[in-house]
Amino acid sequence: MDRFAHYDWPFFEPRHAALAKEIESFSKENLAHAHGEDADAICKRLVQDLGCAGFLRHCVSEKPDVRSIALLREVLAYHAGLADFSFVMQGLGSGPIALAGSDALKKQYLPRAANGDAIAAFALSEPDAGSDVQALTTTARRQGDVWLLTGEKTWISNGGIADFYVVFAKADEGISAFVVDAKEVDASERIEIVAPHPMSTLKLKHSKGTLLGEPGQGFKLAMRNLDIFRTTVGAAALGFARRALAEALDRARKRKMFGRALADFQMTQAKLADMATRIDASALLVYRAAWAKDVKNQRGTREAAMAKMFATEAAQTIIDDAVQICGGLGVMRGHPVERLYREVRALRIYEGATEVQKLIISRELLKA
């Protein structure tokens, strides 16, 4: 399958196809070694490289183009999961500043994040508050002109390597958002997950924070930020799925069984047909949602939820089928589909698990 054929769809403009080719060239030249166990060092380098190449400005932006973010994630994920992670976390972590920060805050943080000179992180989840944001227990108290935050955040991507965190906490006025410099938090408790990337628990104890926007408006700000990036989770899943299909096709053509190529067996052909169909369906949902946000200026809650839910679930199935087609090679440590098998799993959970997306979709349907 031509990975770039869909840029002829009416969802896109000529600049999108040009951007896809640009990031593909960058990826081929720079991402061959963007894998390994030292995720901290790899991600730090990737942020700098992506910033120097000018790609981070697409996600660290006051006027983000969701289609551009999505296609960049799709191509980066095809080549290296950590590259996709490093790219999008700069946007997710700096997004609330771009949306609601004062001119001074924007000037202080956004250029550094866009250039790759400062690493950003988004700190919303807590040990007992993930999708249920209203259950947050981290507190923010005003002391003169200063806000002091106390509490614990967990599952924080870029935790331990970030230069600044956007932290959500409960003030007297309600959930509010704050920018907290890394020196104000304890991020030493690292979290190891199935596909290594920087993650930690954050502990705040009278940590100084700078208010973002108005007190009590943090929940709305978090949702506005997630509305931009949730669709692009589906795009990352799409990139993983395309790579899995490419590996499966290559193996099916080369692997001989009983005097025939594996690809000659109808059972293999059926798997490949299902994989390809799920990929096209995912792409249609992902880029419809991105187009609705960019062109129709719709919030697109239902469309984004559908794209995220379907594309991540489809990618899990596609990658599992690719492992099956690759056989023993598919479970060898370091093989592309083995890496994909570990990398895709988290996508069905973060930024709203599949079950949460179903609730969102049904709620939007009933509301209509």
From R253, R288, residue being over 17 Å from L340 (Cα atoms) and in contact with a strand residue (DSSP E or B) (Cβ under 7 Å, 6 or more places away or on another chain): R253
Residue that is nearest to the chain's Cα centre (by Cα), among those in the range 257-292 that are at pLDDT 95 or above and of a type in the set (K, R): R288
Scope the range 125-147; condition among the charged types (D, E, K, R) and either at pLDDT below 90 or under 25 Å from Y350 (Cα atoms) (or both); matching residues: E126, D128, D132, D145
Could you grab me the full set of residues in the range 121-156 that are in contact with a Lys or Arg (Cβ under 9 Å, 6 or more places away or on another chain) and within 30 Å of G54 (Cβ to Cβ)? A123, L124
For the range 25-43, pairs from a residue that is within 20 Å of G54 (Cβ to Cβ) to a residue that is assigned to a helix (DSSP H, G or I) and basic (K, R), with Cβ under 9 Å and 6 or more apart or across chains, are A34/R45
Tally the residues that are over 21 Å from A270 (Cβ atoms) and in contact (Cβ under 8 Å) with a residue 40 or more places away in the chain, restricting the search to the range 296-325. 13
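Does T231 count as surrounded by fewer than 22 Cβ atoms within 10 Å (Cβ to Cβ), in the same structural domain as G330 (by TED's automatic domain parsing) and touching a residue at least 60 places away in the same chain (Cβ under 8 Å)?
no
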Report, by residue number, each residue of the range 129-160 that is over 21 Å from M89 (Cβ atoms) and charged (D, E, K, R). D132, R141, R142, D145
Can you list the strands (runs of 3 or more DSSP E) found entirely within the range 90-199 that contain at least 3 residues being among the hydrophobic types (A, V, I, L, M, F, W, C) and either buried (at least 24 other Cβ atoms within 10 Å of the Cβ) or not assigned by TED's automatic domain parsing to the domain that holds D227 (or both)? 120-123, 146-157, 164-171, 174-181
Reported set for the range 214-241 where residues are farther than 17 Å from A283 by Cα, of a type in the set (G, A, S) and in contact with a Ser or Thr (Cβ under 8 Å, 6 or more places away or on another chain) is G216, G218
(1) touching an Asp or Glu at 6+ places or on another chain (Cβ under 7 Å); (2) in contact (Cβ under 8 Å) with a residue 24 or more places away in the chain; (3) over 24 Å from L110 (Cβ atoms); (4) of a type outside the set (D, E, K, R): which one isn't true of S188, the others all being true? (1)
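Please pick out the residue among S27, S61 that is in a helix (DSSP H, G or I) and under 26 Å from P198 (Cβ atoms).
On the way: S61 fails: in a helix (DSSP H, G or I).
Matching residue, one of S27, S61: S27.
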Selected residue (criterion: surrounded by the fewest Cβ atoms within 10 Å (Cβ to Cβ)) from residues of the range 326-341 that are of a type in the set (A, V, I, L, M, F, W, C) and touching a residue at least 24 places away in the same chain (Cβ under 8 Å): L329
If E351 satisfies every condition in (1) of a type in the set (D, E); (2) buried (at least 18 other Cβ atoms within 10 Å of the Cβ); (3) over 16 Å from the mean Cα position of the chain (by Cα); (4) over 26 Å from R251 (Cβ atoms) but one, which is the exception? (3)
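Every residue, every condition in (1) surrounded by fewer than 19 Cβ atoms within 10 Å (Cβ to Cβ); (2) small (G, A, S); (3) assigned by TED's automatic domain parsing to the domain that holds E74, yes or no:
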site: W9; (1), (2), (3): yes, no, yes
site: A17; (1), (2), (3): yes, yes, yes
site: S25; (1), (2), (3): yes, yes, yes
site: K28; (1), (2), (3): yes, no, yes
site: A32; (1), (2), (3): yes, yes, yes
site: E37; (1), (2), (3): yes, no, yes
site: L56; (1), (2), (3): no, no, yes
Quick check on the range 203-220. Is at least one of its residues among the acidic types (D, E) and either more than 29 Å from A39 (Cα to Cα) or more than 16 Å from the chain's Cα centre (by Cα) (or both)? yes
Here is a check on your reading of the model: is M275 in contact (Cβ under 8 Å) with a residue 24 or more places away in the chain and within 19 Å of R3 (Cα to Cα)? yes
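The values are calculated or read from the model by the stated rules, or taken from the named source; none is laboratory data. Bear in mind that the values here come from a model prediction, so they are computed numbers and not experimental data. All Cβ positions, glycine included, derive from the backbone under ideal geometry; neighbour counts span all protein chains shown.
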